[in-house]
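Asker: Mind looking over this structure? Questions follow.
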């Protein structure tokens, strides 16, 4: 079935260092890929969505590029901030299904001074 | 702009008691609606989705049921709560298949 595999568990960084969270997917068709961010005691919010035309989406300093050749959509940021501390989920959705958004298991990013 | 509301904000319920959680979306006609559950420290698990009024598909039931009585309303319920039902319940909407989903603020449920 269609699924995503992402960096899981705890990721600890020092402020100012680059952020890289990996996400790879398995899908028979051409999926949309998303990154969601969930701060403590809040609902998940959409951070980034893949485009079909190789554009690189960016938001709040984060960016990700869909690479169909390697089935990847890694999340990157050049310099981590304390406010980036949160849970990050990679998710996959198939065009036209109207149904399932498959989430990865999530990575808890903690940025320290 | 679309807004999504969930009620109640939080609930503390006894094992074996009934439950009804609600979700309303304003500013969008005929949205796709979804229910998710998140255990404390766990990932997001999709429970149900609905493309139109009166139609609900189950992804994972967990002894819960869902209904869509109106275009803008999605209800999650059970007649008998289990301890394992504790967690964070999230309603989400999307404009159509294959598109991003937007989450409501969630309901935190504690079953004792």
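Read-outs: derived from the displayed coordinates by stated rules, not from any lab. From a predicted model like this one, the values you see are computed outputs, not experimental measurements. Cβ sites come from the backbone with ideal geometry, for glycine too, and all protein chains shown count toward neighbours.
Asker: Which of A:36, B:99 has the fewest other C-beta atoms within 10 Å, and how do the rest follow up to the most? Walk me through the intermediate numbers first.
Answerer: Details: A:36 25, B:99 17.
So the ranking, lowest neighbour count to highest, is B:99, A:36.
Asker: Sticking with the crude label model, points 7 Å out along Cα→Cβ, report the distance from residue A:22 to residue A:79 in nm, one decimal please.
Answerer: My value for the distance between the label points is 2.7 nm.
Asker: Given a Förster radius of 25 Å and the C-beta distance between residue B:110 and residue B:77 as r, what FRET efficiency does 1/(1 + (r/R0)^6) yield to the nearest 0.05? Walk me through the numbers before you get to the answer.
Answerer: Working: r = 17 Å, r/R0 = 0.68.
It comes out at approximately 0.90.
Asker: For the residue pair residue B:55 and residue A:63, what label-to-label distance in nm results when each label sits 7 Å from Cα along the Cα-to-beta-carbon direction?
Answerer: 4.1
Asker: Highest mean first, what order results for A:11-20, B:100-109 on Cβ atoms within 10 Å?
Answerer: Values: A:11-20: 13.3, B:100-109: 20.1.
Final packing ranking: B:100-109, A:11-20.
Asker: Give me the distance in nm between label points sitting 7 Å out from Cα along the Cα-to-Cβ direction at residue B:15 and residue A:108, one decimal.
Answerer: With each label placed 7 Å out from Cα toward Cβ, I get 2.6 nm.
Asker: So for the protein assembly as shown, what are the equivalent ellipsoid semi-axes in whole Å, largest first, each being the square root of 5 times an eigenvalue of the Cα gyration tensor? Walk me through the numbers on the way to the answer.
Answerer: Details: eigenvalues 177, 90, 45 Å².
Its equivalent ellipsoid spans semi-axes of 30, 21, 15 Å.
Asker: Give me the base-10 log of I(q)/I(0) for region B:1-75 at each q in 0.26 Å⁻¹, Debye formula, one uniform scatterer per Cα, rounded to two decimals.
Answerer: -1.36
Asker: Roughly what % antiparallel, to the nearest 5, for the DSSP beta bridges in the protein assembly as shown?
Answerer: Working: 68 of 78 bridges.
Approximately 85 percent, going by the DSSP bridge assignments.
Asker: Turning to a different aspect of this structure: For region A:3-112, take the convex hull of the Cα atoms, compute a quarter of its surface area, and give me that in nm², please.
Answerer: Details: hull surface 26.9 nm².
Over all viewing directions, region A:3-112 projects a mean Cα-hull area of 6.7 nm².
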